[in-house]
Amino acid sequence: GRIAFERTQIIDHDTAAASSSENGAVVRIDYSRIGGSYWTLTGYWRGTIASTQSSSAPTTLLDLMNRTYQIGLFYASPKSPWKIGVGRLILPWASSLGAIDGGYVAHKMSKHLTLGTFLGTNPDPTQWNYAPNRQTVGSFVNYETGSYDAAHWSSTAGLAFSRINWRPERQYLFIENNFSIGQTFSIFQTAQADYRDPKLMNGATGAQLSQSFLTVRYRPRKRISFEVSDNYFRGVPTFDTRLIGTGLLDQYLFSGVSGGVRVEPTDNLMVSANFGNSKSNADTSHAVNQGYGVAWKRLPFLDMRLDLRYTSFSSSFGTGSYESAGLTRELSDRLRVQFQAGIQNTKSIYVNDTRARFLNSTIDWQLSRHYFVMGSWLNYRGLSQNYDQISFSLGYRFGK
């Protein structure tokens, strides 16, 4: 694992009084079989210990990305039917519900059947219905059979209740199915149906589908794979649109039916493309969604990894596009540098920034076997935010 002390300075170029500084900590750990038991502590955490930032100051792009971390304490023993997880985590049997700050308890009733319950808040800003003050509790049943080397099937169904500031919000059913045949073929499907929630269903009552995902992948050869997806969402999303340019919201940008292909012409090069049509009730014609990606694991002569992305989308919350580029260089076994830049354009009545650009650079230097330093600089320029964020960390590495 690694643990570090971090100092961050935010320089606001619009309002000098909004500039601030923070002291925080970063922890990354993978500690299995703690004390010879079947408990495991694993994940990543980054948080603030002390800050001069006012409560009204806007959240930065790096702070939003840091909220997508996961870390938890887990219990799983081959000698016990019980499984337990506590922390910021994904429910293993229903990943489509997103990360929760809370926990779960599950009991394996038989070889194929598992019953469980979970509760927590919803802290991840990349979720479609993001609300940090939402409390969710639910239960589920999972049926699993087969082998990942051959045919494998996992099916989960459950019921959940949510509140915002302890006021009733949603009652919904959820299902998640995952079927695969080795690495050649797979089907992933999820859905949620709300019950008697006029606020989320435009005044309608009774059960009504609120969101649905279906993805079918086929990999006939090692270097080529095809994908067909059908995404449906009801209502307006509440995820933070500033994250569009980072690629973390790609699963929501394409609504309706879309198809894609991924090709690896060589060991170092991967090319992908996605196309689809999107049409809402207010549109007079279909809008074309398209996305392209290129990744070089090692550029000739430069010894760098390059990732390029372009996406143009039309969804229920607006239209837009983004371009991003990333460079990573391993200067040695001890020194690593990384750069990521992006530009996003979004047109929507729900979005403040119609155009924004960012450049983020990081360095990770292993000074010795146990000590390391990290540094980062984020330059963000948009209509509603205009700032630089500079961070420096000094840390200790332990374990193997």
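The values are calculated or read from the model by the stated rules, or taken from the named source; none is laboratory data. As the structure is a computational prediction, the values presented were derived from the model and not from experiment. Positions of Cβ are backbone-derived with ideal geometry, glycine not excepted, and every protein chain shown enters the neighbour counts. For the accessible areas, the whole protein counts, side chains as well, though only heavy atoms, and no ligand, DNA or RNA atoms are used. Shrake-Rupley method; radii C 1.70, N 1.55, O 1.52, S 1.80 Å.
Observations
- FRET efficiency for Leu269 and Asp30, using Cβ-Cβ distance with R0 set to 51 Å, rounded to 0.05: 0.95
- The dipole here belongs to the chain: it is taken about the Cα centre, uses +1 on the Cβ of Lys and Arg and -1 on the Cβ of Asp and Glu, and is about 820 debye.
- Taking 0.36 nm per residue of separation and subtracting the Cα-Cα distance, full extension of the segment from Ala76 to Tyr292 would add 73.7 nm.
- Selection from Phe239, Phe398, Tyr380, by position along the positive dipole direction of the chain (Cβ): Phe398
- Over 31 Å [Cα-Cα, the chain], rounded percent: 47
- Reachable aspartates and glutamates, given that their alpha-carbon falls under 13 Å from the alpha-carbon of Lys222 and they are not under 8 places away in the same chain: Glu264, Asp267
- R0 of 30 Å, Cβ-Cβ distance Val141-Gln251: FRET efficiency to nearest 0.05: 0.75
- Accessible area expressed per residue, segment 285-400, with surrounding protein chains retained (probe 1.4 Å, Å²): 57
- Length gained when the stretch Ser37-Asp303 is fully extended (0.36 nm per residue, less Cα-Cα span): 91.5 nm
- Taking 7 Å steps out from each Cα toward its Cβ at Ala50 and Thr319 produces label points 5.2 nm apart.
- Inter-label distance, nm, simple model (7 Å from Cα along the C-beta direction), Thr184/Leu159: 4.1
- Between Arg167 and Gln9, full extension at 0.36 nm per residue minus the direct alpha carbon distance yields a gain of 53.2 nm.
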